[in-house]
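Below is one structure, written out as structure tokens; comments come after it.
FYI, it's all coordinate maths here, none of it is from the lab. No experiment lies behind these values; they were computed from the predicted model shown. Heads up, the Cβs are rebuilt from the backbone with ideal geometry, glycines too, and the neighbour counts pull from every protein chain shown.
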Amino acid sequence: MDYSWLDLPATEVESAARLLLGWRLTANGVTVRLTEVEAYSGLGEDPASHAHRGLTARNAVMFGPAGRLYVYQIYGMHFCANVVCGEPGRAAAVLLRAGEVVDGLETARQRRPAARTSHDLAAGPAKLMQVLALDRAANDTSLIDGTGPATLAPPAGPVGAIAAGPRVGVTSAHDVPWRFWIAGDPAVSAYRRHTPRKVSTPRAVGG
């Protein structure tokens, strides 16, 4: 399989994100066709990126090599996964936002019994991880050499038109149009525009 597009320069992470749409991600008996992703660039270039301020123990996998999973936890209970892209030493990753379950449907339903429809099973970053039964143990594992719990395979057919828009759930650079999805696909997450938090007026302390 051709994974060379994962090695696009980190400055072209949005191109890698587009190319990732339609690819199939398989783990633990379920396969998801990726329908929505978000691109995040590297050091000093993207304030919404976990790597914006430099290398840390948490974000080290983002600095390469390409084709590995970067998994992190949000709200203390949900996991999100990113595909690392770009050349080693330059952080870049693509967040897997949503997908359609195309194999292992019954297993996916058992893992997400609250899903209203089959299209909702993996229509969100945390939902996608739940149906694939992936967690932090998948961090820094390969998607391309068969040694990790998840594998990537090319699209089974044409992907169709691709739409672009603002990113979701970030407080910085949220209007950067680096969220990409397959236009008209029902297995895409619901978009919620970023709303800045209101800053309350601090109360005086002392007399």
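Any idea how far the Cα center of the stretch 6-23 sits from the one of the stretch 24-74, in Å? Answer, in whole Å: 12. Taking every DSSP beta bridge that has both ends in the chain, the antiparallel portion is near 100%. Kirkwood hydrodynamic radius, computed over distinct alpha-carbon pairs, for the stretch 4-182: how many Å, to one decimal? Evaluated over the stretch 4-182, this radius sits at 16.0 Å. For the stretch 102-115, backbone phi angles converted through the Karplus equation (6.51, -1.76, 1.60; θ = phi - 60°) give residue-by-residue couplings of 10, 7, x, 4, 5, 5, 4, 5, 5, 7, 10, x, 7, 4 Hz, Gly and Pro being listed as x.
Listing Tyr191, Tyr70, Tyr75 from fewest to most neighbouring C-beta atoms within 10 Å gives Tyr75, Tyr191, Tyr70.
Look at Arg53, Arg192, Arg109, Arg167 and count the other Cβ atoms within 10 Å of each Cβ; fewest to most, that gives Arg192, Arg53, Arg109, Arg167.
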